[in-house]
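First the structure, in the form of structure tokens, and then the observations on it.
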Amino acid sequence: FQRMKDGLSRSTRTISDGITGIFIRKKLDRATLDELEELLIAADLGIDTAASVADAVGKDRYDKEVTPEEIRGIVASEISKVLAPVAKPFAIDAEKKPFVVLMVGVNGAGKTTTAAKIAAKAKRDGKSVMLAAGDTFRAAAVEQLKVWGERIGVPVVTTKVGGDAAGLAYEALARAKEEKTDLLLIDTAGRLQNKADLMAELEKIVRVLKKLDPEAPHATLLVLDATTGQNAVNQVEIFGKIANVTGLVMTKLDGTARGGILVAIAQRFGMPVHLIGIGEGIDDLQPFDADTFARAITG
Ligand code: GDP
């Protein structure tokens with residue numbers, strides 16, 4: 001909890017200090033509630049959540065003395081209520097050999113790093129893991145995955161730069177089946193500049209995977225960068241349309257005051273949120289827990 005709280009310290013300070021500023025030595029009335037609602041909107045929680053949280057805070061408390069601690073507690077519990085239905089652990093089904101995971105998201109969101117983090121954790125849990133460098137357009141992305149693979153001791157399937165990502169995915173799955181690998185993580189390109197191309201490429205990857213395993217991919221994780229704020233909301237919308245996203249990972253919650261965006265996304269899309277990234281290190285990935293997150297961002 002402390003690590004996540006430290007990681008989320010900037011979001012925490014925004015909401016926590018804001019609440020103190022609004023409610024210290026004040027009664028709760030329409031003006032203070034409006035200020036609270038504005039604070040929550042500024043913290044990226046989204047208009048609907050901000051309004052419902054402010055309503056919950058106001059209920060039965062009009063014209064009463066309140067303390068910032070009390071308000072923080074109520075805000076945390078209301079945020080937790082929004083997040084609880086979407087907080088789902090990322091489960092790797094041991095029956096599938098391999099369990100195939102497609103990593104999608106825009107360039108720079110943290111797909112490659114997150115794939116490596118998931119691989120490292122699975123390896124620590126005793127699973128055999130394989131990585132496929134499906135972002136074949138960027139030499140740096142392939143190189144980065146290779147470096148991670150070496151560091152954590154996991155094989156990385158690659159092809160030449162500009163090579164066919166679907167062919168690579170097919171080859172990786174064939175090899176993972178043969179080697180009875182538990183988990184195959186496939187990185188993909190994230191060039192949103194040309195949505196039609198990207199959609200065609202993702203569809204093709206899925207199509208060829210299904211030739212070897214009709215149920216693959218078993219999970220499609222959309223990786224979102226928390227620091228992009230409202231852009232993350234647009235990305236859920238776009239990738240929700242072009243890929244069969246099964247769950248979300250939000251990265252870079254350590255470097256941002258915009259952790260609240262996850263609440264807006266939860267409220268608006270209701271998609272499962274599995275994991276959060278709180279640093280660049282291999283261990284800086286945590287399961288998403290509604291209550292812990294809510295308490296961490298409200299201070
Ligand atoms: P990709 O283009 O989606 O594959 O993104 P990368 O995995 O290459 O990540 C882009 C940058 O974000 C890299 O410098 C990563 O180290 C960094 N990054 C990824 N996840 C996190 C995180 O949770 N916290 C921080 N601070 N940086 C992260």
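The values are calculated or read from the model by the stated rules, or taken from the named source; none is laboratory data. Being a predicted model, the structure only gives us computed values, none of them experimental. Cβ sites come from the backbone with ideal geometry, for glycine too, and all protein chains shown count toward neighbours. Ligands, DNA and RNA are excluded from the accessible area calculation, which covers all protein heavy atoms including side chains. Shrake-Rupley method; radii C 1.70, N 1.55, O 1.52, S 1.80 Å.
For the stretch 191-200, give me each residue that is within 15 Å of the ligand (Cβ to nearest atom) and part of a helix (DSSP H, G or I).
Of everything in the stretch 191-200, those that are within 15 Å of the ligand (Cβ to nearest atom) and part of a helix (DSSP H, G or I) turn out to be Leu192, Gln193, Leu198.
Quick one: which residue in Ala84, Ala91 is free of Cβ contacts under 8 Å to residues at least 24 places away in the same chain, open to solvent by 20 Å² or more (accessible area, probe 1.4 Å) and closer than 23 Å to Gly240 by Cβ?
Among Ala84, Ala91, only Ala91 is free of Cβ contacts under 8 Å to residues at least 24 places away in the same chain, open to solvent by 20 Å² or more (accessible area, probe 1.4 Å) and closer than 23 Å to Gly240 by Cβ.
Any residue in the stretch 197-215 that's touching a residue at least 60 places away in the same chain (Cβ under 8 Å): show its pairings with residues that are polar (S, T, N, Q) and not in a helix (DSSP H, G or I) at Cβ separation under 8 Å, as long as the two are six or more apart or on different chains.
Leu202/Thr188; Ile205/Thr188; Val206/Asn244
Residue-wise test of (1) among the polar types (S, T, N, Q); (2) in a helix (DSSP H, G or I); (3) out of contact with any Cys (no Cβ under 7 Å at 6 or more places or on another chain).
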site	(1), (2), (3)
Leu202	no, yes, yes
Leu209	no, yes, yes
Leu221	no, no, yes
Asn234	yes, yes, yes
Met250	no, no, yes
Gly281	no, no, yes
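Is there a residue being near the ligand (Cβ under 10 Å from one of its atoms) and open to solvent by less than 10 Å² (accessible area, probe 1.4 Å) anywhere in the stretch 146-159?
No: zero hits.
Out of the residues in the stretch 118-145 meeting the condition of being assigned to a loop (DSSP other than H, G, I, E, B), touching a residue at least 40 places away in the same chain (Cβ under 8 Å) and of a type in the set (Gly, Ala, Ser), tell me which one is farthest from the ligand (Cβ to nearest atom).
Across the stretch 118-145, the extreme among qualifying residues is Ser128.
Does the stretch 98-111 include one or more residues that are away from the ligand (no atom under 16 Å from the Cβ), open to solvent by 10 Å² or more (accessible area, probe 1.4 Å) and farther than 18 Å from Arg268 by Cβ?
Yes, the stretch 98-111 has at least one match.
Does the stretch 94-117 hold any residues that are in contact (Cβ under 8 Å) with a residue 40 or more places away in the chain and in a loop (DSSP other than H, G, I, E, B), and which are they?
Ala94, Lys96, Lys97, Pro98, Gly105, Val106, Asn107, Gly108, Ala109, Gly110 - these are the residues of the stretch 94-117 that are in contact (Cβ under 8 Å) with a residue 40 or more places away in the chain and in a loop (DSSP other than H, G, I, E, B).
Quick test for you: out of Asp187, Asp213, pick the one residue that is buried (at least 21 other Cβ atoms within 10 Å of the Cβ), within 21 Å of Asp164 (Cβ to Cβ) and at pLDDT 95 or above.
Going through Asp187, Asp213 in turn, the sole match is Asp187.
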